[in-house]
Amino acid sequence: DIEIPESHPRYLSLLTRHRIEEGVEKGITSKQGLIAEGRGEAFDYLLGEETIPSADAAARAAAARLLLAEHPVLSVNGNVAALVPGEMVELADAVGADIEVNLFNRTEERLRAIADHLRDHGASEVKGLTADGRIPGLDHERAKVDADGIGSADVVLVPLEDGDRAEALAAMGKVEIVVDLNPMSRSAQSAAVPIVDNIVRAVPNVTAHARDLSDASREELERIVETFDREAALREAEAAIRGGELA
Ligand code: ATP
Ligand code: MG
């Protein structure tokens, strides 16, 4: 194991990179996940490695959507499992959501390794291995979901999702919450609630908002959902990346 001094100016970035590396070694993250991590880091650097106000508003809207849902599901892939396994379990508990493993490069071995990893971090039930449901409009392997998981969810959180699947899930009428550092990616563009933030900051932030809203009325939650402006959030994130007030 490497030791990263917490005083290092880019501590979080180094820690994140190290967790992804470990994920690959443990067989939970794919090699493509390393590339996705690199792209994410570049955007995070430009964002100032902080949660911008519009991302915080999106996190609050996401919490409200999850609390209002009949059947919310949190989707976990290899990068998410490596970076925030315990944090995803905490969010699932806070909003009463199911957890489902979903992989771009689907292998039984990796599915099982991720499910075990999530259970090691406190998950009681992990979906995604039954694969008896399909997302219309995608090729066979990409289309697989659990019928009683994402297949029947009304609200889905899909962090770091591939653009095709994000669009197909939105086309199925699901309310989609995406965490993606690139506001221009199709995943962020197709989301009802795009959270443009690093997943290591975004997931605990959604959980904190959910806890804060645990006693809120339906009317209050609905008001938060209605006043959130996805176009403005995407615009503000892009402006921050392009250079803040210069944009
Ligand atoms: P598309 O336009 O089809 O969505 P893409 O470029 O987004 O394509 P991928 O490389 O599969 O395709 O997506 C990975 C996405 O995840 C990138 O947008 C990247 O910025 C984002 N990402 C990577 N690491 C993180 C992270 N830690 N937190 C949030 N987002 C991340
Ligand atoms: Mg994408």
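Nothing in this text is a laboratory measurement; each read-out follows from the coordinates by a stated rule. Keep in mind that this is a model prediction, so the values were computed, not measured. With ideal geometry, Cβ positions are generated from the backbone for all residues, glycine too; neighbour counts draw on all protein chains shown.
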Using a Gaussian network model of the chain whose springs link C-alpha atoms within less than 10 Å, name the residue from 213, 181, 91 with the highest mean-square fluctuation.
-> 213
So if we plug the beta-carbon distance of residue 12 and residue 125 into 1/(1 + (r/R0)^6) with R0 = 45 Å, what FRET efficiency do we get, rounded to 0.05?
-> 0.90
Expected sort for 162, 197 with the fewest Cβ neighbours (10 Å cutoff) up front is 162, 197
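Going by a ≥ b ≥ c, the root eigenvalues of the Cα gyration tensor, does the stretch 1-46 fall in the rounded group (a/c under 1.5), the prolate group (a/b larger than b/c) or the oblate group?
Cα axes put the stretch 1-46 in the oblate bin.
Relative to the Cα centre, what is the charge dipole magnitude of the chain, using +1 at the beta carbon of each Lys and Arg, -1 at the beta carbon of each Asp and Glu, and rounding to the nearest 20 debye?
Working: 26 positive and 47 negative charges, 100 e Å.
Charge dipole, the chain, about its Cα centre: 480 debye, nearest 20.
Sort 13, 217, 152 by Cβ crowding within 10 Å, fewest neighbours at the top.
Final ranking by Cβ density, sparse to dense: 217, 152, 13.
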Give me the Kirkwood hydrodynamic radius of the stretch 53-241 in Å, from all C-alpha pairs, to one decimal place?
-> 16.2
Taking the simple approach of a point 7 Å from Cα along Cα-to-Cβ for both residue 215 and residue 49, what is their distance in nm?
-> 3.8
By its C-alpha gyration tensor, with a ≥ b ≥ c as the square roots of the eigenvalues, how is the stretch 99-205 shaped: rounded for a/c under 1.5, else prolate for a/b larger than b/c, else oblate?
-> oblate
Inter-label distance for residue 148 and residue 93, nm, one decimal - labels placed 7 Å from Cα along Cα-to-Cβ = 2.3
Using modelled backbone amide H atoms (1.01 Å from N, in-plane), which distant-in-sequence or interchain residues come within less than 5 Å of residue 181's amide H?
-> 197
Can you grab the distance from the C-alpha centre of the stretch 178-247 to the C-alpha centre of the stretch 1-74, Å, no decimals?
-> 14
Gain in span if fully extended, residue 34 to residue 141, counting 0.36 nm per residue against the direct Cα distance | 36.4 nm
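Cut-off is 10 Å between beta-carbons; in what order do 99, 135, 114 appear when sorted fewest neighbours first? Numbers along the way, then the final one.
Details: 99 25, 135 19, 114 28.
Final ranking by Cβ density, sparse to dense: 135, 99, 114.
Assuming a ≥ b ≥ c are the square roots of the Cα gyration tensor eigenvalues, decide whether the stretch 1-101 counts as rounded (a/c under 1.5), prolate (otherwise, with a/b larger than b/c) or oblate. Please list the in-between numbers first.
Numbers: a/c = 2.08, a/b = 1.37, b/c = 1.52.
The shape class here is oblate.
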